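Step one of this worksheet: look at the structure below.
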Amino acid sequence: MKIHSVTIENFRGIRSATLVVPDHAVLIGDNNAGKSSVLEAIDLVLGPDRLNRRPPVDEHDFYQGKYLAEAPDADDESNNEDDAAAPPVEAPKIKVEVAITNLSLEQQARFGGQVEWLKASTGEFYDEPNPAGVDAIDIVAALRVTFIGQYDAEEDDFIGNTYFSRTITEEETPIPFSKKDKQHCGFLFLRSLRTGSRALSLEHGSLLDIILRLKEIRPQMWEGTLKTLADFDVASAAEFGISGVLESINRSLKKYVPREWGVSPHLKVSSLTREHLRKVVTAFIATGSGDHAAPFYRQGTGTINMLVLALLSQIAEDKQNVIFAMEEVETAIPPYAQKRIVHELRKLSAQSIFTSHSPYVLEEFTLDQTVIVSRTDTGVLTAAKIDLPESVKHKRYRQEFRTRFCEGLLARRVLIAEGATEATSLPVASRRLAELNPTTYASVEALGICVIDAGTESQIADLAKLYKSLGKRTFALCDKQTDEAKAAIEAQVERVFMHGEKGIEDLVLKNTTQAALERFADTLQWPPHLLAKYPNPKAQALAALKEYFGWAKGNWGIADFLAQCNESEIPQWLRDTCLALKFACEPPPFPFPLPPPPPWPPKAGKDELLVNPLG
């Protein structure tokens, strides 16, 4: 069994979404893009214990918190008298439909008349009156199930249930998709930060409870445990002093009320019930080399996650045909263990769906299995697959995934820098400016911009095209380009930041101050070959640093220089670039035009001393 597709309406931050899910998939994207909401939506439909929560949804589960029918605007001229007979406006509903394929023979027999036939190549359901048509090779047995959540005005509460989708339109009363039906589907959702605290308790829906139910084990311990605790008096010994106080209370009580009203107060553990026991009974685990045991949830986060994985593995082995969904597999787990989790869950399950920000997890998935999730400001969530440009071979993509591609795939905004020096210098400059003047500037990290080293100017346009095709906002930073190259870059990015020097080293040296150069020269440990040429580098700071930056190219030389500059010592062009990026990512709340591209050649500020090593 596997999930073929998911359609979501009005859930959390998603107004609408339709995703086709690969056999094994990793959903990636920036924070708050909707990845977790997709998994939560599937859990509403298929999670056997999700609807035990009352109410199953609340105000915050509706898109923009809207769950009441909005009355027509009385001032709207389009609402004339002819509209009086129009049907009332329907209140928003949460709707999540999941299409399930790869049904086992047992599942097909159980769901019987609810089974439909899906054309896998198009995602359309076969509804022709020709029964022989379902024998086509790409038509498979499928099941559609829909969760509907809404506000019930009469009860003043939220309600929700899951139904066989076809009965919603074909039957007067939709047929519910029951908890027992869901258990036959075998969907398991692991929330990495929330599941571990009760995994080895006996609460309903805990992993241990699921394992016991799968093995059809019903613990016959409740009555004996409750009786033992009921017979246990707390602090009844005289030396504790509590029994004397209680006896005094008892004597006073007898003065005012007959015996039948109450007598002999004493302390018990609690007014325990089975539900209380389910919550407090938990497993203890020995730590270190000693015999001391502590509750399992007091272990390290990584240990808890691996323990949860072991429980999930047990569930998968018992159920065989299971779907795993797991959030943030990398939480508190070292890289080698992250990879092990991915491989084990894929091996144990018919389908696995992950969310992750870890390059070690992401590189374990093929291009077809990597789903890039993005969401518009109007709540439309879309999914895209990676389509590499011709200049980026698959081998290069795999080899450079951690260093060049991963970060961009996870970000909303990407700036493609021509080389390593530009890729390191701009973030440092923006960070330094934000420290010195936080009301005017913002770091690229605070703006949500990921800076990618293109490696060479010829790669800027192709990399920008890759990220643009995935729904990212793209920018470019480069030296002076030919008109043809500039046009190719501009076609793929929102904005090009291009200066007119041969390299960013010349840009910095020509547009900073002598004081900044001398101060930086004083802090360096000069390499022997340059120290031999410039015995007193500070006295010849301009020439010495020009050679030093050339020697240290790609090794943070320019970035280190910018990190020690004050605002007026950072070249005006870089300052203007940082301002333009801030305006592009965080425009002011009132209409305000974006600043023009940084001028070239840059103009000296009132307090600046421009230095030109080339005369």
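At least 1 residues that are over 30 Å from residue 382 (Cβ atoms) and either of a type in the set (S, T, N, Q) or in contact with a Cys (Cβ under 7 Å, 6 or more places away or on another chain) (or both) in each: list the strands (runs of 3 or more DSSP E) lying fully within region 431-514 that qualify.
Working: elements: 449-453, 473-478, 495-498.
The qualifying strands (runs of 3 or more DSSP E) are 495-498.
Please go through region 365-406 and pick out each residue that is hydroxyl-bearing (Ser, Thr, Tyr), more than 20 Å from the chain's Cα centre (by Cα) and surrounded by fewer than 16 Cβ atoms within 10 Å (Cβ to Cβ). Can you show your working first?
Looking only at region 365-406, we keep the residues that are hydroxyl-bearing (Ser, Thr, Tyr), and these are 366, 370, 374, 376, 378, 382, 391, 397, 403.
Adding the requirement that they be more than 20 Å from the chain's Cα centre (by Cα) leaves 391, 397, 403.
Hits for region 365-406 are 391, 403.
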* To do: Run residue 459 past the list (1) without any contact (Cβ under 8 Å) to a residue 60 or more places away in the chain; (2) surrounded by fewer than 21 Cβ atoms within 10 Å (Cβ to Cβ) and report the number of the one that doesn't hold.
  => (1)
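Please tell me if residue 142 is exposed (fewer than 13 other Cβ atoms within 10 Å of the Cβ) and either modelled with pLDDT of 90 or more or touching a Gly at 6+ places or on another chain (Cβ under 6 Å) (or both).
On the way: exposed (fewer than 13 other Cβ atoms within 10 Å of the Cβ): no; either modelled with pLDDT of 90 or more or touching a Gly at 6+ places or on another chain (Cβ under 6 Å) (or both): yes.
It is false that residue 142 is exposed (fewer than 13 other Cβ atoms within 10 Å of the Cβ) and either modelled with pLDDT of 90 or more or touching a Gly at 6+ places or on another chain (Cβ under 6 Å) (or both).
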* Residue list for region 544-573, restricted to those being among the small types (Gly, Ala, Ser), exposed (fewer than 14 other Cβ atoms within 10 Å of the Cβ) and part of a helix (DSSP H, G or I) -> 550
* Restricting region 102-153 to residues that are closer than 23 Å to residue 37 by Cβ and polar (S, T, N, Q), which is farthest from the chain's Cα centre (by Cα)? -> 150
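Of a type in the set (A, V, I, L, M), closer than 21 Å to residue 405 by Cα, within 16 Å of the chain's Cα centre (by Cα) and buried (at least 19 other Cβ atoms within 10 Å of the Cβ): does that describe residue 342?
Numbers: of a type in the set (A, V, I, L, M): yes; closer than 21 Å to residue 405 by Cα: yes; within 16 Å of the chain's Cα centre (by Cα): no; buried (at least 19 other Cβ atoms within 10 Å of the Cβ): yes.
No; evaluated as a whole, the condition is false for this residue.
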* Residue list for region 17-35, filter: closer than 17 Å to residue 374 by Cβ and either free of Cβ contacts under 8 Å to residues at least 24 places away in the same chain or surrounded by fewer than 17 Cβ atoms within 10 Å (Cβ to Cβ) (or both) -> 18, 20, 31, 32
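Sort out which residues of region 402-419 are small (Gly, Ala, Ser) and more than 16 Å from residue 445 (Cβ to Cβ), and write them in order of number. Before the answer, list the steps.
Here is the first cut: in region 402-419, the residues small (Gly, Ala, Ser) are 408, 411, 417, 419.
Within region 402-419, just 419 meets the criteria.
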* Tally, over region 469-497, of residues that are among the basic types (Lys, Arg) and more than 19 Å from residue 426 (Cα to Cα) -> 2
* Asked: In this structure, does residue 506 turn out to be more than 36 Å from the chain's Cα centre (by Cα) and modelled with pLDDT under 95?
  -> yes
* Can you tell me which of 43, 23, 30, 49 is of a type in the set (Asp, Glu) and closer than 16 Å to residue 377 by Cα? -> 30
* Asked: Of all the strands (runs of 3 or more DSSP E) wholly in region 279-377, which have at least 1 residues that are at pLDDT below 70?
  -> 284-286, 293-295
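From 472, 465, grab the single residue that is in contact with a Pro (Cβ under 7 Å, 6 or more places away or on another chain), surrounded by 17 or more Cβ atoms within 10 Å (Cβ to Cβ) and among the basic types (Lys, Arg).
Working: 472 fails: in contact with a Pro (Cβ under 7 Å, 6 or more places away or on another chain).
Being in contact with a Pro (Cβ under 7 Å, 6 or more places away or on another chain), surrounded by 17 or more Cβ atoms within 10 Å (Cβ to Cβ) and among the basic types (Lys, Arg) holds for just one of 472, 465, which is 465.
Residues checked against (1) in contact with a Pro (Cβ under 7 Å, 6 or more places away or on another chain); (2) of a type in the set (Phe, Trp, Tyr); (3) loosely packed, with under 15 Cβ neighbours inside 10 Å; (4) modelled with pLDDT under 95:
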residue	(1), (2), (3), (4)
496	no, no, no, no
501	no, no, no, yes
528	no, no, yes, yes
541	no, no, no, yes
* Structure fact -> Pairs returned, first residue in region 112-131 that is under 22 Å from residue 185 (Cβ atoms) and of a type outside the set (D, E, K, R), second residue that is modelled with pLDDT of 90 or more and assigned to a loop (DSSP other than H, G, I, E, B), beta-carbon separation under 9 angstrom, 6 or more apart or interchain, are 114/175; 114/177; 115/103
* Members of region 445-493 that are acidic (Asp, Glu) and within 25 Å of the chain's Cα centre (by Cα) -> 445, 453
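Every residue, every condition in (1) crowded, with 18+ Cβ neighbours inside 10 Å; (2) out of contact with any Cys (no Cβ under 7 Å at 6 or more places or on another chain); (3) modelled with pLDDT under 85; (4) part of a helix (DSSP H, G or I), yes or no:
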residue: 39; (1), (2), (3), (4): yes, yes, no, yes
residue: 42; (1), (2), (3), (4): yes, yes, no, yes
residue: 56; (1), (2), (3), (4): yes, yes, no, no
residue: 60; (1), (2), (3), (4): no, yes, no, yes
residue: 72; (1), (2), (3), (4): no, yes, yes, no
residue: 77; (1), (2), (3), (4): no, yes, yes, no
residue: 83; (1), (2), (3), (4): no, yes, yes, yes
residue: 89; (1), (2), (3), (4): no, yes, yes, no
* Asked: With respect to the numbered conditions (1) free of Cβ contacts under 8 Å to residues at least 60 places away in the same chain; (2) crowded, with 23+ Cβ neighbours inside 10 Å; (3) among the aliphatic types (A, V, I, L, M), which one is the sole condition not fulfilled by residue 433?
  -> (1)
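On the basis of being at pLDDT 90 or above and either among the charged types (D, E, K, R) or crowded, with 20+ Cβ neighbours inside 10 Å (or both), does residue 421 make the cut?
Details: at pLDDT 90 or above: yes; either among the charged types (D, E, K, R) or crowded, with 20+ Cβ neighbours inside 10 Å (or both): yes.
Taking the combined requirement at face value, the residue satisfies it.
Any idea which residue in region 345-355 is surrounded by the fewest Cβ atoms within 10 Å (Cβ to Cβ), counting only those that are touching a strand residue (DSSP E or B) at 6+ places or on another chain (Cβ under 6 Å) and of a type outside the set (Lys, Arg)?
Taking region 345-355 and keeping what is touching a strand residue (DSSP E or B) at 6+ places or on another chain (Cβ under 6 Å), we get 345-346, 349-355.
Now narrow it down to the ones that are of a type outside the set (Lys, Arg): 345, 349-355.
Working: 345: 25, 349: 26, 350: 20, 351: 25, 352: 27, 353: 28, 354: 29, 355: 23.
This residue is 350.
The values are calculated or read from the model by the stated rules, or taken from the named source; none is laboratory data. Keep in mind the model is a prediction, meaning the values are calculated, not measured. As a convention, Cβ positions derive from the backbone with ideal geometry for all residues, glycine included, and neighbour counts pool all protein chains shown.
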